[in-house]
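Undergrad: Take a look at this one; I'll ask things after.
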Amino acid sequence: MRFIFVCFLAIALSGQSTKKPVKTKTVEQPKLDPVKLEAFLRHLNLWTPEIKFEITDKQSSSLLKGFEEITVKATLGERFVEQKYIVSADGKTIVRGDILDTTANPFVRENSLILNVGQPSLGTLGAPVVVTVYTDYQCPYCRDQAKVLRTNLLKAFPKQVRMFIHDFPLEQIHPWARTAAIAGRCTLLQGEDNYWKFHDWVFEKQATLSLETFRGELMTWAPQNGIDILQLTRCVDTKETDGAVTKDIEAARKLGINSTPTIYINGRKLGGSSSWDQLKKVIDVEIEYQSTAKNAGDTACCSVSLATPGAK
């Protein structure tokens with residue numbers, strides 16, 4: 001009997017080994033359909049067909065597994081708006097707005113896009129608060145905002161703030177704004193002190209300047225204010241600094257800036273002109289917050305100046 005049982009067991013096992021494994025079908029998960037997404041967002045926001053739609057940024061969400069963070073840009077002529085969405089991998093779920101990490105700076109994206117190194121600046125290296133101004137030298141609101149900042153900022157915050165200027169000339173409505181931006185950066189090559197002389201002069205003269213008179217007025221003013229006229233002439237005529245202006249414009253568009261002045265305080269956007277009382281309140285809040293958070297402010301370690309030919 002024992003022999004018969006062993007034989008039956010052997011036959012049973014041999015039969016199992018000859019069975020082929022059953023293949024399971026892989027069910028494809030639905031994927032995000034960009035056409036359907038566009039149709040949905042157009043309907044949601046009432047973006048009519050003449051409005052151009054594009055996804056300008058797309059990356060996996062670091063905080064929501066299985067979701068992607070996208071930036072959508074809607075453009076009509078020179079006007080545009082950017083919106084951020086968090087979308088599930090299958091495109092069925094959309095979250096509007098930002099997902100924030102309370103252990104990080106809430107304006108980390110903005111701060112990553114604001115490139116202050118090499119920009120004209122005032123204030124203290126390593127200050128806990130950075131004020132970033134996107135300006136247009138032909139814009140009257142920028143002139144008024146510049147006066148507010150120059151009059152009050154360093155007087156009220158001699159050690160706690162550093163301010164940077166960025167160019168965002170609105171060429172469609174201000175014909176000499178880009179020319180002035182190029183010239184301003186040319187004076188910067190001769191030192192920040194010379195840049196600030198230019199900054200204050202061009203805003204003071206704004207109402208009387210034009211595309212036809214700007215260069216002549218500049219070249220008359222410059223040597224009277226300690227600026228090397230030969231170096232300035234060469235820089236302006238060859239548009240040596242135009243590339244830096246373009247970089248500023250590109251960064252501003254990534255930030256969604258479409259008007260001037262636009263001010264950021266440690267990455268917090270303040271659109272339009274702001275009174276000194278408004279600015280001071282925001283700066284005070286940032287100083288207090290950064291005393292413990294220490295997740296924003298000026299991280300520059302040094303400044304670099306270029307030698308002026310012939311200068312001692």
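Undergrad: Give Asp248, Asp284 a once-over and let me know the one that is without any contact (Cβ under 8 Å) to a residue 60 or more places away in the chain and part of a helix (DSSP H, G or I).
TA: On the way: Asp248 fails: without any contact (Cβ under 8 Å) to a residue 60 or more places away in the chain.
From the options Asp248, Asp284, the qualifying one is Asp284.
Undergrad: Another one. If I ask for residues that are among the β-branched types (Val, Ile, Thr) and within 30 Å of Leu170 (Cβ to Cβ), which ones from the range 41-90 would you list?
TA: Residues of the range 41-90 that are among the β-branched types (Val, Ile, Thr), as a first pass: 48, 51, 55-56, 70-72, 75, 81, 86-87.
Answer for the range 41-90, where residues must be among the β-branched types (Val, Ile, Thr) and within 30 Å of Leu170 (Cβ to Cβ): Thr48, Ile51, Ile55, Thr56, Ile70, Thr71, Val72, Thr75, Val81.
Undergrad: Tell me which residues, restricted to the range 86-116, are at pLDDT below 90 and closer than 17 Å to Thr262 by Cβ.
TA: Listed by number, the list holds a single entry, Arg109.
Undergrad: Within the range 205-220, how many residues turn out to be assigned to a helix (DSSP H, G or I) and farther than 20 Å from Ala146 by Cα? Quick ask: steps written out before the conclusion?
TA: In the first step, residues of the range 205-220 are kept if they are assigned to a helix (DSSP H, G or I); the result is 206-208, 214-220.
Of the ones still in play, those that are also farther than 20 Å from Ala146 by Cα are 215-217, 219-220.
Of the residues in the range 205-220, 5 are assigned to a helix (DSSP H, G or I) and farther than 20 Å from Ala146 by Cα.
Undergrad: Is it fair to say Thr246 is touching a Gly at 6+ places or on another chain (Cβ under 9 Å), β-branched (Val, Ile, Thr) and under 19 Å from Asp136 (Cβ atoms)? Give the derivation first.
TA: Values: touching a Gly at 6+ places or on another chain (Cβ under 9 Å): no; β-branched (Val, Ile, Thr): yes; under 19 Å from Asp136 (Cβ atoms): yes.
When the stated conditions are applied, Thr246 does not pass them.
Undergrad: Got a sec? Which of Lys254, Lys147, Lys205 is in contact with a helix residue (DSSP H, G or I) (Cβ under 8 Å, 6 or more places away or on another chain), charged (D, E, K, R) and under 19 Å from Gly123 (Cβ atoms)? Reasoning before the result, please.
TA: Numbers: Lys254 fails: under 19 Å from Gly123 (Cβ atoms); Lys205 fails: under 19 Å from Gly123 (Cβ atoms).
One residue alone meets the criteria, Lys147.
Undergrad: Only one of Leu270, Leu188 is in contact with a Pro (Cβ under 6 Å, 6 or more places away or on another chain) and either surrounded by fewer than 21 Cβ atoms within 10 Å (Cβ to Cβ) or not hydroxyl-bearing (Ser, Thr, Tyr) (or both); which? Outline the logic, then answer.
TA: Values: Leu270 fails: in contact with a Pro (Cβ under 6 Å, 6 or more places away or on another chain).
Result: Leu188 is the single residue among Leu270, Leu188 that is in contact with a Pro (Cβ under 6 Å, 6 or more places away or on another chain) and either surrounded by fewer than 21 Cβ atoms within 10 Å (Cβ to Cβ) or not hydroxyl-bearing (Ser, Thr, Tyr) (or both).
Undergrad: Also, quick follow-up: Taking the stated definitions as given, is Lys84 part of a loop (DSSP other than H, G, I, E, B) and either touching a strand residue (DSSP E or B) at 6+ places or on another chain (Cβ under 6 Å) or not assigned by TED's automatic domain parsing to the domain that holds Thr241 (or both)? Working first, answer last.
TA: Values: part of a loop (DSSP other than H, G, I, E, B): no; either touching a strand residue (DSSP E or B) at 6+ places or on another chain (Cβ under 6 Å) or not assigned by TED's automatic domain parsing to the domain that holds Thr241 (or both): yes.
It is false that Lys84 is part of a loop (DSSP other than H, G, I, E, B) and either touching a strand residue (DSSP E or B) at 6+ places or on another chain (Cβ under 6 Å) or not assigned by TED's automatic domain parsing to the domain that holds Thr241 (or both).
Undergrad: Can we say Leu170 is surrounded by fewer than 16 Cβ atoms within 10 Å (Cβ to Cβ) and closer than 21 Å to Ala244 by Cβ? Quick ask: steps written out before the conclusion?
TA: Numbers: surrounded by fewer than 16 Cβ atoms within 10 Å (Cβ to Cβ): no; closer than 21 Å to Ala244 by Cβ: yes.
Criteria not met by Leu170.
Undergrad: Return the residues of the range 55-80 that are among the acidic types (Asp, Glu), closer than 30 Å to Asp101 by Cα and either in contact with an Asp or Glu (Cβ under 9 Å, 6 or more places away or on another chain) or part of a loop (DSSP other than H, G, I, E, B) (or both); say none if nothing qualifies.
TA: Residues of the range 55-80 among the acidic types (Asp, Glu): 57, 68-69, 78.
Next, only the ones that are closer than 30 Å to Asp101 by Cα stay: 57, 68-69.
If the condition is that a residue be among the acidic types (Asp, Glu), closer than 30 Å to Asp101 by Cα and either in contact with an Asp or Glu (Cβ under 9 Å, 6 or more places away or on another chain) or part of a loop (DSSP other than H, G, I, E, B) (or both), then Asp57, Glu69 are the ones that fit.
Undergrad: Same structure, new question: Given Val129, Val72, Val133, which one is of a type outside the set (D, E, K, R), at pLDDT 90 or above and either in contact with a His (Cβ under 9 Å, 6 or more places away or on another chain) or exposed (fewer than 14 other Cβ atoms within 10 Å of the Cβ) (or both)? Outline the logic, then answer.
TA: Numbers: Val129 fails: either in contact with a His (Cβ under 9 Å, 6 or more places away or on another chain) or exposed (fewer than 14 other Cβ atoms within 10 Å of the Cβ) (or both); Val72 fails: either in contact with a His (Cβ under 9 Å, 6 or more places away or on another chain) or exposed (fewer than 14 other Cβ atoms within 10 Å of the Cβ) (or both).
Every option except Val133 fails the conditions.
Undergrad: Please find, within the range 28-76, the residue that is farthest from Ile257 (Cα to Cα) out of those that are over 24 Å from the mean Cα position of the chain (by Cα) and among the small types (Gly, Ala, Ser).
TA: It comes out as Gly66.
Undergrad: Which residues, taken from the range 258-281, are hydroxyl-bearing (Ser, Thr, Tyr) and in a strand (DSSP E or B)? Before you say what the answer is, go through the steps one by one.
TA: Of the range 258-281, the ones hydroxyl-bearing (Ser, Thr, Tyr) are 259-260, 262, 264, 273-275.
Within the range 258-281, Thr262, Tyr264 qualify.
Undergrad: Among what's in the range 229-267 and is under 12 Å from the mean Cα position of the chain (by Cα) and of a type in the set (Gly, Ala, Ser), pick the residue that is surrounded by the fewest Cβ atoms within 10 Å (Cβ to Cβ).
TA: Ranking the candidates gives Ala251 first.
Undergrad: Of the numbered conditions (1) of a type in the set (A, V, I, L, M); (2) within 25 Å of Thr151 (Cα to Cα); (3) surrounded by 15 or more Cβ atoms within 10 Å (Cβ to Cβ); (4) more than 29 Å from the chain's Cα centre (by Cα), Val202 satisfies every one except a single condition; which is it?
TA: Going through (1) of a type in the set (A, V, I, L, M); (2) within 25 Å of Thr151 (Cα to Cα); (3) surrounded by 15 or more Cβ atoms within 10 Å (Cβ to Cβ); (4) more than 29 Å from the chain's Cα centre (by Cα) one by one, Val202 breaks only (4).
Undergrad: Between a first residue in the range 107-126 that is surrounded by 19 or more Cβ atoms within 10 Å (Cβ to Cβ) and a second residue that is in a helix (DSSP H, G or I) and hydroxyl-bearing (Ser, Thr, Tyr), which pairs have beta carbons less than 8 Å apart while being 6 or more apart in sequence or on different chains?
TA: Filtered contacts from the range 107-126: Pro120/Tyr195.
The values are calculated or read from the model by the stated rules, or taken from the named source; none is laboratory data. Computed from a predicted model, the values in this text were never measured in an experiment. Neighbour counts run over all protein chains shown; Cβ positions are idealised from the backbone, glycine included.
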